Amino acid sequence: MSSFFIKYGGILYLIQLFFAIIIGMYFWNLLKGQQSRKTVVVREAEKETRKLKQMRNIRLTEPLSSLTRPATMDDVVGQPEGIDILRSALCNYNPQHVIIYGPPGVGKTAAARLVLEEAKKNSLSPFNKEAKFVEVDATITRFDERNIADPLIGSVHDPIYQGAGSMGSAGIPQPKPGACTKAHGGVLFIDEIGELHPTQMNKLLKVLEDRKVMLESAYYNENDKNIPAHIHDIFNNGLPADFRLVGATTRMPDELPPALRSRCMEVFFSPLDKEDIRIITSNAANKIMCKLTPEALEDIIRYATNGREAVNMIQLAAGIAQVNKSSIINKALIEKVVNNGRFAPRPEVKPGKEPVIGTVNGLAVYGANVGTLIEVEAASIPVTPGKGKWTVTGVIEEEQVGSNERRYTRKSMARGAVENVLTVLRSQFQLNIDDFDIHLNFPGGIPVDGPSAGISMATAIYSSVIGRAVDNMVAMTGEISVHGKVKPVGGVISKVDAARKAGLKRVFIPAENWLDIFSEYQDIDIIPVHEVGEVLENVFVG
């Protein structure tokens, strides 16, 4: 037996040594490969870090839009009332959620940012010095229906997905906070909030209600002791999300979900008038040390409808001037910018110079509750008694209503309002409508889509038939029922402001739309009416 071990023991030893060497070489090569990969990763990281530093060291001049961005509340031009309401909503001991309505380029984002800074200085405010202003653009906020990623609300990085890391390898789901949690203790500003995906909107409303974000994952097990305590805490109690929402939109209020509006105070920013554009334009020219001629300034005021457009015109004109080695922005440069940019003159509807038969000043709103003057005209042509026809142009004929699940088409409310008007004129004023071909028109290229022009239509047709001119310094708004009652309409404050800016002297509104603030106006008379007859008795001249 001993001879056997002597004979074969050496062979077994050599075999073991051989395998030991092979295994040692394998692990040695594996270690070298790991070190080599680590070296490569370190070198690549250093290379990318150097490249990133080089990129960060490259700086262009700051755009004029950034240079002219308001730095204090006094720099926000043309919004005294809106700023006061925004302050009252956020700069107190109990700040509220807010929706800001207004056209583009009037300072909604800048005002929201500055109001937070002002609130942080108020000792009574719950916003502390570390309160953040987190800005989100709803038009580009990605929404994944698979719920893999939601940068607004937050999501869970489940272990099956690439990049889950060491925790993913251990089967641990990892919550990822979204903008709602990042804004905790501060303000979450959502630009164009009306563009949010409906599912995101519903989730946001739940967060506003609970002030926390609840996350779910099929991979979470509350009894799994391998899951860290903080992740258990997040799944059981949610991510903190106690912030104040400030949403901005260019939409009309009725285009936003009622559930969102009911949770927020609503603030309206007005379109900038000529003097506001003048201030913004002059400040922009001064920022880049260019001299702006009076003629050039007037041209910018004529074409720029908001502050952003005015600043862009100055930037382009200054660029042309600098190429020509000049620091003067004159009328010729602005005309070149206007022509190349295809700018149209800012819409301004002024009342006629004198009273005209069949022509009435109506009032409407567009965009983010912006008031405007509209012209309503009617022509009546006598025909064989009883053979008359009526034609309406400039109104929307049909409209779609309802949600995506149940949408249907109906005759437009504006078209229906015309029929109401004709019924009232026949029944209450005994006008022989059927003895005339009547053409009712809304010039201007923007179709009317609501019933609030009813009172204007009735006045224009009545004026046309009886041959009496309507006072050109009067405007009116209101829906008419088939019994001649003047019904309330929306946007009355904006409509009255448009009439004031146009220099009108009187405005007829539905009695139910009356506000005490109207009695304080010194430059215009606001007249509440219950029936259309009250209007027809007081608008004709001659």
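The values are calculated or read from the model by the stated rules, or taken from the named source; none is laboratory data. Keep in mind the model is a prediction, meaning the values are calculated, not measured. Heads up, the Cβs are rebuilt from the backbone with ideal geometry, glycines too, and the neighbour counts pull from every protein chain shown.
All of (1) touching a Phe, Trp or Tyr at 6+ places or on another chain (Cβ under 8 Å); (2) without any contact (Cβ under 8 Å) to a residue 24 or more places away in the chain; (3) not hydrophobic (A, V, I, L, M, F, W, C) hold for Glu537 with one exception: (1).
Return the residues of region 489-523 that are more than 18 Å from Val370 (Cα to Cα) and among the basic types (Lys, Arg); say none if nothing qualifies. Within region 489-523, Lys505, Arg506 qualify. Among the residues making up region 470-489, those that are in contact with a helix residue (DSSP H, G or I) (Cβ under 7 Å, 6 or more places away or on another chain), on the phi < 0 side of the Ramachandran plot and surrounded by fewer than 24 Cβ atoms within 10 Å (Cβ to Cβ) are Glu479, Ser481, Val482, Pro488, Val489.
Looking only at region 294-341, which residues are small (Gly, Ala, Ser) and surrounded by 15 or more Cβ atoms within 10 Å (Cβ to Cβ)? Break it down stepwise before answering.
Applying the first criterion (small (Gly, Ala, Ser)) to region 294-341 yields 296, 304, 307, 310, 317-319, 321, 326-327, 332, 341.
Scanning region 294-341 gives Ala296, Ala304, Gly307, Ala310, Ala317, Ala318, Ala321.
Give me the residue from region 248-268 that is under 14 Å from the mean Cα position of the chain (by Cα) and either part of a strand (DSSP E or B) or outside the structural domain of Lys203 (by TED's automatic domain parsing) (or both) and, out of that set, surrounded by the most Cβ atoms within 10 Å (Cβ to Cβ). Checked region 248-268; the qualifying residue surrounded by the most Cβ atoms within 10 Å (Cβ to Cβ) is Ala248. Within region 286-321, being farther than 16 Å from Ala332 by Cα and over 23 Å from the mean Cα position of the chain (by Cα) holds for Asn286, Lys287, Ile288, Met289.
Inspect region 232-240 for any residue being polar (S, T, N, Q) and in the same structural domain as Leu152 (by TED's automatic domain parsing) and give the result as yes or no. Yes, region 232-240 has at least one match.
When you look at Val535, is it in a loop (DSSP other than H, G, I, E, B), among the hydrophobic types (A, V, I, L, M, F, W, C) and assigned by TED's automatic domain parsing to the domain that holds Gly416, yes or no? Don't jump to the end; show me each part of the working.
Details: in a loop (DSSP other than H, G, I, E, B): no; among the hydrophobic types (A, V, I, L, M, F, W, C): yes; assigned by TED's automatic domain parsing to the domain that holds Gly416: yes.
Taking the combined requirement at face value, the residue does not satisfy it.
Against the numbered list (1) outside the structural domain of Leu188 (by TED's automatic domain parsing); (2) over 22 Å from Lys274 (Cα atoms), Thr72 comes up short only at (2).
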